[in-house]
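The values are calculated or read from the model by the stated rules, or taken from the named source; none is laboratory data. Bear in mind the structure is a predicted one, so any value in this text is a computation, not a measurement. Reconstructed Cβ throughout: ideal geometry from the backbone, glycine too, with neighbour counts over all protein chains shown.
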Amino acid sequence: MKNQRRNFIFNAGIATASLFLSKKLNKKRGFQYFHKSKGPIFLSTWDHGIEANKEALKTIDSGGSGLDAVEQGVRIIESDPENTSVGLGGMPDSTGKIALDACIMSSDGSCGAVCMLENIEHPISVARKVMEDTPHVLLAAEGAYDFAISKGFKKKNLNTSNSKKSYREWKKESKYKPIINVENHDTIGMLGMDDNGNIFGSCTTSGLAFKRRGRIGDSPIIGAGLFIDNEVGGAVATGLGESIIKIAGSAIIVELMRHGYSPIDACKEAVLRISKNEDIENIQVAFIALNKSGEYGAYSVHPGFNYALTENRKTSLIDSDHLRK
């Protein structure tokens, strides 16, 4: 009996010490064990995220869900013909066609995606239909298009005078330009936290400008371009998709946050992993992340990446920290 009592006390002491050390370590990394800030909070990649965040907040204020907010927020960017990185007027592929990719993920772990989708203005909404109306996660090319039409989406020519002009200019030399910066970037990715602390995410793009026909980047790939775990947080990526896919970038960031990393430290670690295995001189990759405490952060390979933050009903544009100075 005494031995049992002694063992109980010993084991309890070990557990208490382990918990203390774990909390001390996590505190050092910046992780908090409480909700520092309640929602709604929205983070979106690049300066077009400002308008997207405002639309997301308006959706919440109108009674929409967090999932509605991250969908509606990026939809307005998909519909902007002056935006050359998403949806209508996006950059064509090497054949002059605009092929779109998107994914969406809910706080309950549900997700949906489409890739190489043509002639449909809102791939993010088709991705949501894949999530809600099929047992699948990803539909591609003609299959994605046929599904969209069956759900009432209308066929639309996504080329604009600007996208056609850009393609004609590119054809003169036909060179890939994998560097992605503030002047030449793809993707809008959004993370959102609602009033109840639930996290949602969306990502939509026309992909790398003048990409090889059939090339798919990270944006429609759950775990690469976007990942949500409502117990921990969420992350979204932008930049050269191949580099992001190789490390399962967004999923890695969420797992790092699970183990106590702050959002910015988790994003930085993902960038460092890419830099260890690749020549990063001419590529840009960036991540944004949000945890359950309402803490957020971002990190990129090169200068020039920024993200829109909406917190306490105010929206601002923040320059990310970066690896290469």
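Quick check on G143: is it of a type in the set (G, A, S), surrounded by fewer than 19 Cβ atoms within 10 Å (Cβ to Cβ), without any contact (Cβ under 8 Å) to a residue 40 or more places away in the chain and over 23 Å from F210 (Cβ atoms)? Step through it out loud before you land on a result.
On the way: of a type in the set (G, A, S): yes; surrounded by fewer than 19 Cβ atoms within 10 Å (Cβ to Cβ): yes; without any contact (Cβ under 8 Å) to a residue 40 or more places away in the chain: yes; over 23 Å from F210 (Cβ atoms): yes.
The answer is yes for G143.
Could you identify the single residue in I104, I149, I124 that is over 18 Å from A209 (Cα atoms), β-branched (V, I, T), in a strand (DSSP E or B) and at pLDDT 95 or above?
Only one candidate qualifies: I104.
Being within 29 Å of S243 (Cα to Cα), at pLDDT 95 or above and surrounded by 18 or more Cβ atoms within 10 Å (Cβ to Cβ) narrows it down to one of I199, I180, so name that one. Reasoning before the result, please.
On the way: I180 fails: at pLDDT 95 or above.
Result: I199 is the single residue among I199, I180 that is within 29 Å of S243 (Cα to Cα), at pLDDT 95 or above and surrounded by 18 or more Cβ atoms within 10 Å (Cβ to Cβ).
This table checks each residue for (1) assigned by TED's automatic domain parsing to the domain that holds C103; (2) under 29 Å from H136 (Cβ atoms); (3) of a type outside the set (A, V, I, L, M, F, W, C).
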| residue | (1), (2), (3) |
| --- | --- |
| I221 | yes, yes, no |
| A237 | yes, yes, no |
| I244 | yes, yes, no |
| I274 | yes, no, no |
| N277 | yes, no, yes |
| S293 | yes, no, yes |
| F305 | yes, no, no |
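Give me a count of the residues in segment 86-121 that are under 14 Å from R75 (Cβ atoms) and among the charged types (D, E, K, R).
Residues flagged as under 14 Å from R75 (Cβ atoms) and among the charged types (D, E, K, R) within segment 86-121 amount to 1.
With exposed (fewer than 13 other Cβ atoms within 10 Å of the Cβ) and assigned to a helix (DSSP H, G or I) as the only criterion, which of K155, K129, K165 stands out?
On the way: K155 fails: assigned to a helix (DSSP H, G or I); K129 fails: exposed (fewer than 13 other Cβ atoms within 10 Å of the Cβ).
Matching residue, one of K155, K129, K165: K165.
For (1) within 17 Å of L43 (Cβ to Cβ); (2) without any contact (Cβ under 8 Å) to a residue 60 or more places away in the chain; (3) hydroxyl-bearing (S, T, Y), each residue gets a yes or a no:
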{"site": "A248", "(1), (2), (3)": "no, yes, no"}
{"site": "V254", "(1), (2), (3)": "yes, yes, no"}
{"site": "S262", "(1), (2), (3)": "yes, no, yes"}
{"site": "A266", "(1), (2), (3)": "yes, yes, no"}
{"site": "D279", "(1), (2), (3)": "no, yes, no"}
{"site": "L290", "(1), (2), (3)": "yes, no, no"}
{"site": "V301", "(1), (2), (3)": "no, no, no"}
{"site": "Y307", "(1), (2), (3)": "yes, no, yes"}
{"site": "I318", "(1), (2), (3)": "yes, yes, no"}
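I'd like to know if segment 71-93 contains one or more residues that are in contact with a strand residue (DSSP E or B) (Cβ under 6 Å, 6 or more places away or on another chain), in a loop (DSSP other than H, G, I, E, B), crowded, with 17+ Cβ neighbours inside 10 Å and at pLDDT 95 or above.
no
List the number of the failed condition for K97; all other conditions in (1) buried (at least 20 other Cβ atoms within 10 Å of the Cβ); (2) in contact with an Asp or Glu (Cβ under 8 Å, 6 or more places away or on another chain); (3) not in a strand (DSSP E or B) hold.
Checking K97 against (1) buried (at least 20 other Cβ atoms within 10 Å of the Cβ); (2) in contact with an Asp or Glu (Cβ under 8 Å, 6 or more places away or on another chain); (3) not in a strand (DSSP E or B), the one that fails is (1).
Go through segment 122-153 and count every residue that is under 15 Å from R75 (Cα atoms) and charged (D, E, K, R). Lay out the reasoning, then the answer.
Residues of segment 122-153 under 15 Å from R75 (Cα atoms): 122-129, 153.
Of the ones still in play, those that are also charged (D, E, K, R) are 128-129.
Matching residues across segment 122-153 total 2.
All but one of (1) surrounded by 21 or more Cβ atoms within 10 Å (Cβ to Cβ); (2) out of contact with any helix residue (DSSP H, G or I) (no Cβ under 6 Å at 6 or more places or on another chain); (3) assigned to a loop (DSSP other than H, G, I, E, B); (4) of a type outside the set (S, T, N, Q) hold for G109; state the number of the condition that does not hold.
Going through (1) surrounded by 21 or more Cβ atoms within 10 Å (Cβ to Cβ); (2) out of contact with any helix residue (DSSP H, G or I) (no Cβ under 6 Å at 6 or more places or on another chain); (3) assigned to a loop (DSSP other than H, G, I, E, B); (4) of a type outside the set (S, T, N, Q) one by one, G109 breaks only (1).
Take the residues in segment 272-297 that are in contact with a Ser or Thr (Cβ under 8 Å, 6 or more places away or on another chain) and crowded, with 24+ Cβ neighbours inside 10 Å, then tell me which one is farthest from H322 (Cα to Cα).
Restricting to residues being in contact with a Ser or Thr (Cβ under 8 Å, 6 or more places away or on another chain) and crowded, with 24+ Cβ neighbours inside 10 Å, the top hit is N291.
Name the residues in segment 243-270 that are of a type in the set (S, T, N, Q) and farther than 19 Å from Q284 by Cβ, would you? If you could, list the steps in order and put the result at the bottom.
Restricting attention to segment 243-270, the residues satisfying the condition of being of a type in the set (S, T, N, Q) are 243, 250, 262.
S262 - this is the single residue of segment 243-270 that is of a type in the set (S, T, N, Q) and farther than 19 Å from Q284 by Cβ.
Regarding segment 216-224, can at least one residue be identified that is closer than 23 Å to P40 by Cα and either touching a residue at least 24 places away in the same chain (Cβ under 8 Å) or in contact with a helix residue (DSSP H, G or I) (Cβ under 7 Å, 6 or more places away or on another chain) (or both)?
Applying the first criterion (closer than 23 Å to P40 by Cα) to segment 216-224 yields none.
No, segment 216-224 contains no residue that is closer than 23 Å to P40 by Cα and either touching a residue at least 24 places away in the same chain (Cβ under 8 Å) or in contact with a helix residue (DSSP H, G or I) (Cβ under 7 Å, 6 or more places away or on another chain) (or both).
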